[in-house]
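This report refers to the structure that appears directly beneath it.
The values are calculated or read from the model by the stated rules, or taken from the named source; none is laboratory data. Note that the coordinates shown come from a computational prediction; the quantities given were computed from them, not determined experimentally. We place every Cβ from the backbone using ideal geometry, glycine too, and count neighbours over all the protein chains shown. For accessibility, only protein heavy atoms count, side chains too; no ligands or nucleic acids. Shrake-Rupley method; radii C 1.70, N 1.55, O 1.52, S 1.80 Å.
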Amino acid sequence: MKPLPFDLNDIIHEPSDEQLDALMEAVAVEARKHAQAAREQLMVRLRAEIMAINPPFQPQA
């Protein structure tokens, strides 16, 4: 069962525990997505910097 939507600014009608759990889970999912994207960008930059400092070995012909 999907929790009903609610307005966090509504101070008269508080969200249920299930609605808050769903909200916290949604926030956690988004945080994990952002963290994964940040890690991927960091690795791309790190690899580029390493390659700029230490280019791959190319044998002399």
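Taking the helices alone, the chain has a mean residue ellipticity at 222 nm of -22500 deg cm²/dmol, built from -39,500 (n - 2.57) per DSSP H run of at least 4 residues and averaged over all its residues. With K and R counted +1 and D and E -1, the other residues having a Cβ less than 14 Å from that of L46 yield a net charge of +1. Taken about its Cα centre, the chain carries a charge dipole of about 740 debye when Lys and Arg each add +1 at the Cβ and Asp and Glu each add -1 at the Cβ.
Based on protein heavy atoms only, the chain ends up with 99 Å² per residue of surface accessible to a 1.4 Å probe. Rg over Rh for segment 1-44 works out to 1.21, using Cα positions for both radii and the Kirkwood form for Rh.
Springs between Cα atoms under 10 Å define the GNM used for the chain, and in it the highest mean-square fluctuation of A26, A35, A48 occurs at A48. For the chain, the longest principal axis of the alpha carbon atoms and the long axis of helix 17-53 meet at an angle near 10°. Only protein atoms count toward the accessible area here, which uses a 1.4 Å probe; on the chain, the carbon and sulfur part of that area reaches 63 percent.
Each principal axis of the Cα cloud of segment 22-61 was taken in turn, and the coordinate range along them, longest first, works out to 63, 15, 6 Å.
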